[in-house]
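Below is one structure, written out as structure tokens; comments come after it.
Values in this text are rule-based calculations from the coordinates and carry no lab data. On a predicted model such as this, the values are computed, not experimentally measured, just so you know. So basically every Cβ, Gly included, is an ideal-geometry build from the backbone, and we count neighbours across all protein chains shown.
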Amino acid sequence: NAAGGNGSNTTFTGLTTAIGGGGGGASAPAYAPGFNAGNGGSGGGGGGFGGGNPGNIATGTPGQGNNGTTSVSASPYAGSGGGGAGSTGSGYSGTTGGAGGTGSANSITGTPANYAGGGGGGSYNTTGGTGGSAPSGGNGGGAPAVGVAGGTNTGGGGGGSGSGSPYAAAAGGSGVVILSVPTSSYSGTTTGSPTITTSGSNTIIKWTSGSGTYTP
């Protein structure tokens, strides 16, 4: 019965800050600011029980993500999906939680991958919603499952809570910073703990935790 917190921002000196995703809304007899889904890079999905009152539509940040979707019905007890980098979240369908918005496909590492998929909405009665571009966005919990966390190092949203103890929503996936530079120009001067690989004629520098630098 408390809204989820927003994800942390990620900064890269000289470039736009990547804004953390909005937290999902909570169940409540009537929506109030403390139960609303959060705005963010992508917006969080609405909670599953609104007492017949519409909740807020959490907004995403242009160029980074999309809106979540509100839940308005008092009877299905199913939450809506959070927004993803590629599309908005979906509303619940009957007693099934809404699907998270799709992620954004990117092949910077040389292997296609999806990032920043929205988390699926949880459901009290039956089936949680599918995460967007899973495993980036986590699946929502159903009966009796808990939500599934967003994919590690993808920035995906966490799934909403199901109806089984401990009724837990899941955390969003950790973020990632990836640079691709021509191998002929790669200096080899880094700090932090990046993973260094090559793809074709480029060197890929990937940070999955903490902070670090690359000096050309």
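Largest GNM mean-square fluctuation across SER80, SER104, SER42, computed for the chain with C-alpha springs under 10 Å, falls on SER104. Which of GLY121, GLY43, GLY164 moves the most in a Gaussian network model of the chain with Cα springs under 10 Å? Evaluated over the chain, the most mobile residue of the options is GLY164.
In this rough spin-label picture, where each label sits 7 Å from Cα along the Cβ direction, the SER107-SER209 distance is 3.1 nm. Among GLY147, GLY188, GLY46, the residue with the largest mean-square fluctuation in a Gaussian network model of the chain, with springs joining Cα atoms closer than 10 Å, is GLY188. Note that the stretch 107-114 has calculated 3J(HN,Hα) couplings of 10, 4, 7, x, 10, x, 8, 10 Hz, one per residue in order, obtained from phi through the Karplus relation 6.51 cos²θ - 1.76 cosθ + 1.60 (θ = phi - 60°); glycine and proline are x.
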